[in-house]
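Novice: Shown below is the structure under consideration.
Throughout, read-outs are computed from the coordinates displayed, never taken from laboratory work. Predicted model only: the values in this text are computed from it and were never measured. Every residue, glycine as well, gets a Cβ built from its backbone with ideal geometry; the counts of neighbours run over all protein chains shown.
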Amino acid sequence: RGPMDIKISFSYLNVDDPEAALVFYRDAMGFEVRNDVGQGEMRWITVGPPSQPDVSVVLGPAAPEAPPADRKMLTDMMAKGLIGLIVFTTPDVDATFEKLQAAGADVVQEPIDQPWGPRDCAVRDPAGNMLRFNQV
């Protein structure tokens with residue numbers, strides 16, 4: 001047997017406000033909306049970069065089947081940036097950072113040259129998910 005051909009199709013981020021997530025990922029990051037299903041707390045939005053039609057991020061509710069106390073704990077941890085992380089690449093991290101900051105992203109780290117190589121920055125989305133951007 002040859003090597004397995006496994007690829008990433010979807011990644012999942014918990015969001016507590018689907019409309020705020022939609023505005024952030026569509027308008028600030030320039031992602032395509034690929035699917036938008038459900039309503040209210042049971043709404044899932046699939047987005048992705050136009051240059052990667054085969055890779056998507058699903059923005060959906062945090063554990064909708066969990067008891068209220070567990071959902072509150074999860075939402076509190078999300079807001080602190082303790083849950084949810086995606087690392088993106090961009091050809092110009094400074095321009096990406098400026099656009100996200102102008103859109104109101106919660107700045108975690110301004111662009112810097114890291115000792116291990118990349119120039120990068122970090123922000124949080126409206127739900128608190130950590131998004132890092134590496135320059136390539």
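Novice: So if each residue of separation counts as 0.36 nm, and I subtract the Cα-Cα distance between Asp106 and Trp44, what length gain in nm does that give?
Specialist: That works out to 20.1 nm of additional length.
Novice: In square nanometres and to one decimal, what's the mean projected area of the convex hull around the Cα atoms of the chain?
Specialist: 10.4 nm²
Novice: Please list 3J(HN,Hα) in residue order for segment 72-87, calculated via the Karplus relation 6.51 cos²θ - 1.76 cosθ + 1.60 where θ = phi - 60°; whole Hz, with x for glycine and proline.
Specialist: 5, 4, 5, 4, 4, 5, 4, 4, 8, x, 8, 10, x, 8, 9, 10
Novice: Per residue of segment 96-106, what does 6.51 cos²θ - 1.76 cosθ + 1.60 with θ = phi - 60° give for ³J(HN,Hα)? Whole Hz please, x for Gly and Pro, Karplus curve as stated.
Specialist: For segment 96-106, the Karplus-derived couplings read 4, 4, 4, 5, 5, 5, 5, 7, x, 4, 6 Hz, x marking Gly and Pro.
Novice: Here is a follow-up. Using a 7 Å offset from the Cα along the Cα-to-Cβ direction at both Arg34 and Leu82, what is the distance between the two label points in nm, to one decimal?
Specialist: Those two pseudo-labels are separated by 3.1 nm.
Novice: Still on this model: Are there chymotrypsin sites (Phe, Trp or Tyr not before Pro) in segment 79-136 that DSSP marks as loop and that have at most 12 other Cβ atoms within 10 Å, and which are they?
Specialist: Here the sparse-neighbourhood loop sites are Trp116.
Novice: Loop only by DSSP, 13 or fewer other Cβ within 10 Å of the Cβ. Give me the GluC sites (Glu not before Pro) in segment 34-133 that pass, ordered by residue number.
Specialist: In loop regions of segment 34-133 (DSSP not H, G, I, E or B), the sparsely surrounded GluC sites (Glu not before Pro) are Glu41, Glu65.
Novice: How far apart, in nanometres, would the label points at Ser51 and Phe10 be if each is projected 7 angstrom from Cα along the Cα-to-Cβ direction?
Specialist: About 2.5 nm, to one decimal.
Novice: So what is the orientation-averaged projected area of segment 17-81, using the convex hull of its C-alpha atoms, in nm²?
Specialist: Value for segment 17-81: 4.8 nm².
Novice: Given R₀ = 30 Å, FRET efficiency for Ala66-Asn134 by Cβ-Cβ distance, to 0.05?
Specialist: The formula returns an efficiency of 0.35 here.
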